[in-house]
Amino acid sequence: IETSEAPMTIAMVIEFSSLYWQFLYQTLMASYGFVQSLRPEDWVAVIAYDMRSTILQDFTKNKAAALGALNMMRIPGFSEANMFDALTETIARMDNIEGKKAVLLISSGVDTFSKIRYDKALKLLQTSDTPVYAIGTGQAMRLIAEGRGMSPEGQVGFLQADNQLRSFARLSGGKAYFPRF
(Lines give C-alpha, C1' and ligand atoms only; values in the text may rest on other atoms or scores of the structure.)
Protein backbone atom coordinates (compact mmCIF):
# COMPACT_ATOMS: atom_id res chain seq x y z
CA ILE A 1 0.00 0.00 0.00
CA GLU A 2 1.40 3.36 -1.01
CA THR A 3 0.45 6.37 1.05
CA SER A 4 1.12 9.81 -0.27
CA GLU A 5 1.44 12.75 2.05
CA ALA A 6 -0.58 15.87 1.39
CA PRO A 7 1.32 18.71 -0.26
CA MET A 8 2.94 21.27 2.03
CA THR A 9 2.85 25.05 1.66
CA ILE A 10 6.00 26.61 3.08
CA ALA A 11 7.02 30.25 3.35
CA MET A 12 10.79 30.60 3.71
CA VAL A 13 11.49 33.81 5.63
CA ILE A 14 15.20 34.57 5.39
CA GLU A 15 17.18 37.27 7.16
CA PHE A 16 19.05 39.28 4.51
CA SER A 17 20.72 42.07 6.42
CA SER A 18 24.33 43.16 6.55
CA LEU A 19 24.22 42.79 10.34
CA TYR A 20 25.75 39.32 10.07
CA TRP A 21 26.59 39.19 6.37
CA GLN A 22 29.50 36.82 7.06
CA PHE A 23 26.89 34.09 7.69
CA LEU A 24 24.95 34.77 4.49
CA TYR A 25 26.73 31.92 2.68
CA GLN A 26 25.66 29.35 5.32
CA THR A 27 22.15 30.80 5.32
CA LEU A 28 21.92 30.46 1.54
CA MET A 29 23.38 26.93 1.55
CA ALA A 30 20.75 25.83 4.09
CA SER A 31 18.05 27.50 1.97
CA TYR A 32 19.20 25.85 -1.27
CA GLY A 33 19.29 22.47 0.46
CA PHE A 34 15.79 22.93 1.80
CA VAL A 35 14.33 23.89 -1.60
CA GLN A 36 16.05 20.84 -3.18
CA SER A 37 14.36 18.59 -0.57
CA LEU A 38 10.83 19.68 -1.51
CA ARG A 39 8.55 17.28 -3.33
CA PRO A 40 7.08 18.27 -6.73
CA GLU A 41 3.62 18.82 -5.20
CA ASP A 42 4.87 21.16 -2.43
CA TRP A 43 4.44 24.93 -2.60
CA VAL A 44 7.16 27.34 -1.49
CA ALA A 45 7.56 31.11 -1.26
CA VAL A 46 10.87 32.93 -0.70
CA ILE A 47 10.71 36.05 1.47
CA ALA A 48 13.81 38.03 2.41
CA TYR A 49 13.83 40.64 5.14
CA ASP A 50 15.99 43.48 6.38
CA MET A 51 14.20 46.78 7.13
CA ARG A 52 11.11 45.34 5.45
CA SER A 53 10.15 41.97 4.03
CA THR A 54 10.28 41.44 0.27
CA ILE A 55 8.61 38.56 -1.53
CA LEU A 56 11.33 37.36 -3.91
CA GLN A 57 9.16 34.48 -5.14
CA ASP A 58 5.47 34.07 -4.34
CA PHE A 59 4.08 30.57 -3.74
CA THR A 60 5.14 28.21 -6.51
CA LYS A 61 5.70 24.49 -7.12
CA ASN A 62 8.61 25.44 -9.40
CA LYS A 63 11.87 24.67 -7.56
CA ALA A 64 13.93 26.47 -10.23
CA ALA A 65 11.95 29.66 -9.60
CA ALA A 66 12.53 29.37 -5.84
CA LEU A 67 16.26 28.75 -6.37
CA GLY A 68 16.33 31.74 -8.73
CA ALA A 69 14.84 33.89 -5.98
CA LEU A 70 17.57 32.72 -3.58
CA ASN A 71 20.17 33.63 -6.22
CA MET A 72 18.95 37.24 -6.03
CA MET A 73 20.24 37.43 -2.47
CA ARG A 74 23.81 38.61 -2.98
CA ILE A 75 24.72 41.86 -1.23
CA PRO A 76 22.54 43.00 1.69
CA GLY A 77 21.70 46.70 1.56
CA PHE A 78 20.76 47.41 5.17
CA SER A 79 22.00 46.45 8.62
CA GLU A 80 18.49 46.31 10.08
CA ALA A 81 16.77 42.99 10.71
CA ASN A 82 13.09 43.54 11.49
CA MET A 83 12.27 39.91 12.20
CA PHE A 84 9.05 40.43 14.18
CA ASP A 85 7.48 42.46 11.34
CA ALA A 86 8.57 39.96 8.66
CA LEU A 87 7.34 36.96 10.64
CA THR A 88 3.95 38.41 11.61
CA GLU A 89 3.29 39.67 8.04
CA THR A 90 4.03 36.18 6.71
CA ILE A 91 1.87 34.47 9.35
CA ALA A 92 -1.02 36.80 8.44
CA ARG A 93 -0.63 35.80 4.77
CA MET A 94 -0.55 32.10 5.69
CA ASP A 95 -3.75 32.23 7.77
CA ASN A 96 -6.00 31.86 4.68
CA ILE A 97 -4.12 28.83 3.35
CA GLU A 98 -5.75 25.44 3.86
CA GLY A 99 -3.91 22.17 4.46
CA LYS A 100 -0.42 21.46 5.74
CA LYS A 101 1.60 24.64 6.02
CA ALA A 102 4.57 26.11 7.85
CA VAL A 103 6.95 29.02 8.02
CA LEU A 104 10.66 28.23 7.80
CA LEU A 105 12.45 31.13 9.50
CA ILE A 106 16.20 31.27 8.82
CA SER A 107 17.52 34.01 11.05
CA SER A 108 20.01 35.18 13.64
CA GLY A 109 16.97 35.84 15.84
CA VAL A 110 18.04 39.47 16.27
CA ASP A 111 15.37 42.11 15.77
CA THR A 112 16.66 45.66 15.38
CA PHE A 113 13.53 47.83 15.34
CA SER A 114 10.31 46.19 14.18
CA LYS A 115 7.11 48.19 14.46
CA ILE A 116 5.44 45.21 16.15
CA ARG A 117 6.75 44.27 19.60
CA TYR A 118 7.91 40.83 20.74
CA ASP A 119 4.92 40.15 23.05
CA LYS A 120 2.42 41.06 20.30
CA ALA A 121 4.29 38.84 17.82
CA LEU A 122 4.12 35.92 20.30
CA LYS A 123 0.35 36.40 20.78
CA LEU A 124 -0.18 36.43 17.01
CA LEU A 125 1.80 33.20 16.61
CA GLN A 126 -0.15 31.50 19.41
CA THR A 127 -3.50 32.24 17.74
CA SER A 128 -2.33 31.20 14.27
CA ASP A 129 -2.54 27.65 12.94
CA THR A 130 0.80 28.00 11.09
CA PRO A 131 3.78 26.40 12.84
CA VAL A 132 7.15 28.16 12.69
CA TYR A 133 10.32 26.13 12.19
CA ALA A 134 13.28 28.31 13.07
CA ILE A 135 16.87 27.75 12.03
CA GLY A 136 19.04 29.99 14.17
CA THR A 137 22.28 31.22 12.63
CA GLY A 138 23.41 32.67 15.97
CA GLN A 139 25.22 29.57 17.26
CA ALA A 140 28.11 30.09 14.88
CA MET A 141 28.25 33.79 15.84
CA ARG A 142 28.38 32.92 19.53
CA LEU A 143 31.17 30.36 19.01
CA ILE A 144 33.24 32.95 17.15
CA ALA A 145 32.55 35.52 19.88
CA GLU A 146 33.62 33.05 22.58
CA GLY A 147 36.76 32.23 20.61
CA ARG A 148 37.63 35.92 20.52
CA GLY A 149 37.13 36.25 24.27
CA MET A 150 33.88 38.26 24.15
CA SER A 151 32.52 38.85 27.62
CA PRO A 152 29.35 37.01 28.73
CA GLU A 153 27.54 40.39 28.88
CA GLY A 154 28.26 40.87 25.18
CA GLN A 155 26.64 37.52 24.46
CA VAL A 156 23.31 38.37 26.08
CA GLY A 157 21.98 39.59 22.73
CA PHE A 158 22.74 36.23 21.10
CA LEU A 159 21.10 34.32 23.96
CA GLN A 160 18.01 36.54 23.78
CA ALA A 161 17.85 36.05 19.99
CA ASP A 162 18.00 32.24 20.37
CA ASN A 163 15.32 32.39 23.06
CA GLN A 164 13.04 34.43 20.78
CA LEU A 165 13.40 31.84 18.00
CA ARG A 166 12.71 29.01 20.49
CA SER A 167 9.60 30.80 21.79
CA PHE A 168 8.22 31.48 18.30
CA ALA A 169 8.68 27.82 17.36
CA ARG A 170 7.31 26.37 20.62
CA LEU A 171 4.22 28.60 20.83
CA SER A 172 3.30 27.99 17.18
CA GLY A 173 3.72 24.21 17.34
CA GLY A 174 7.00 24.14 15.39
CA LYS A 175 10.60 23.48 16.35
CA ALA A 176 13.82 25.49 16.58
CA TYR A 177 17.19 24.26 15.33
CA PHE A 178 20.58 25.79 16.09
CA PRO A 179 23.19 24.23 13.84
CA ARG A 180 26.78 25.00 14.85
CA PHE A 181 28.24 24.84 11.33
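The values are calculated or read from the model by the stated rules, or taken from the named source; none is laboratory data. Fair warning: this is a prediction, and the values are worked out from it, not measured in the lab. Virtual Cβ from ideal backbone geometry, glycine too; neighbours counted across all protein chains shown. Side chains included, ligands, DNA and RNA excluded: accessible areas come from the protein's heavy atoms. Shrake-Rupley method; radii C 1.70, N 1.55, O 1.52, S 1.80 Å.
Could you tell me whether LYS101 is more than 21 Å from ALA30 (Cβ to Cβ), more than 11 Å from the chain's Cα centre (by Cα) and not hydrophobic (A, V, I, L, M, F, W, C)?
no
List the residue pairs whose Cβ atoms are under 8 Å apart, where the first residue sits in the stretch 35-50 and is in contact (Cβ under 8 Å) with a residue 40 or more places away in the chain and under 14 Å from SER107 (Cβ atoms), the second is assigned to a loop (DSSP other than H, G, I, E, B) and among the β-branched types (Val, Ile, Thr), and the two are 6 or more positions apart or on different chains.
Taking only residues 6 or more apart or on different chains, not a single pair turns up.
Here is a yes/no grid of residues against (1) among the hydrophobic types (A, V, I, L, M, F, W, C); (2) touching a strand residue (DSSP E or B) at 6+ places or on another chain (Cβ under 6 Å); (3) on the phi > 0 side of the Ramachandran plot:
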position	(1), (2), (3)
THR9	no, yes, no
ILE14	yes, yes, no
VAL44	yes, yes, no
MET51	yes, no, no
ASP58	no, yes, no
ALA65	yes, yes, no
MET72	yes, yes, no
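Of the residues that sit in the stretch 74-101 and are open to solvent by less than 40 Å² (accessible area, probe 1.4 Å) and small (Gly, Ala, Ser), which one is nearest to ARG39 (Cα to Cα)?
ALA86
Inside the stretch 130-149, can you point out the residues that are modelled with pLDDT of 95 or more and not hydrophobic (A, V, I, L, M, F, W, C)?
Of everything in the stretch 130-149, those that are modelled with pLDDT of 95 or more and not hydrophobic (A, V, I, L, M, F, W, C) turn out to be THR130, PRO131, TYR133.
Please enumerate the residues belonging to the stretch 47-62 that are touching a Leu at 6+ places or on another chain (Cβ under 9 Å) and surrounded by fewer than 17 Cβ atoms within 10 Å (Cβ to Cβ).
LYS61
Take the residues in the stretch 150-181 that are aliphatic (A, V, I, L, M) and farther than 17 Å from PHE84 by Cα; name whichever of them is modelled with the highest pLDDT. Talk me through it step by step, then tell me what you get.
Step one: list which residues in the stretch 150-181 are aliphatic (A, V, I, L, M), which gives 150, 156, 159, 161, 165, 169, 171, 176.
Those left that are additionally farther than 17 Å from PHE84 by Cα: 150, 156.
Working: MET150: 65, VAL156: 69.
It comes out as VAL156.
Just to be sure, is GLU5 open to solvent by less than 60 Å² (accessible area, probe 1.4 Å) and outside any strand (DSSP E or B)?
Details: open to solvent by less than 60 Å² (accessible area, probe 1.4 Å): no; outside any strand (DSSP E or B): yes.
Spelling it out, it is not the case that GLU5 is open to solvent by less than 60 Å² (accessible area, probe 1.4 Å) and outside any strand (DSSP E or B).
Quick grid of which residues meet (1) in contact with a strand residue (DSSP E or B) (Cβ under 7 Å, 6 or more places away or on another chain); (2) among the β-branched types (Val, Ile, Thr):
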residue	(1), (2)
LYS101	yes, no
LEU105	yes, no
VAL110	no, yes
ARG117	no, no
LEU125	yes, no
PRO131	yes, no
GLN139	no, no
ARG142	no, no
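Out of everything in the stretch 16-40 that is under 12 Å from the mean Cα position of the chain (by Cα) and open to solvent by less than 20 Å² (accessible area, probe 1.4 Å), what residue ends up being nearest to ARG142 (Cα to Cα)?
Ranking the qualifying residues of the stretch 16-40, first place goes to THR27.
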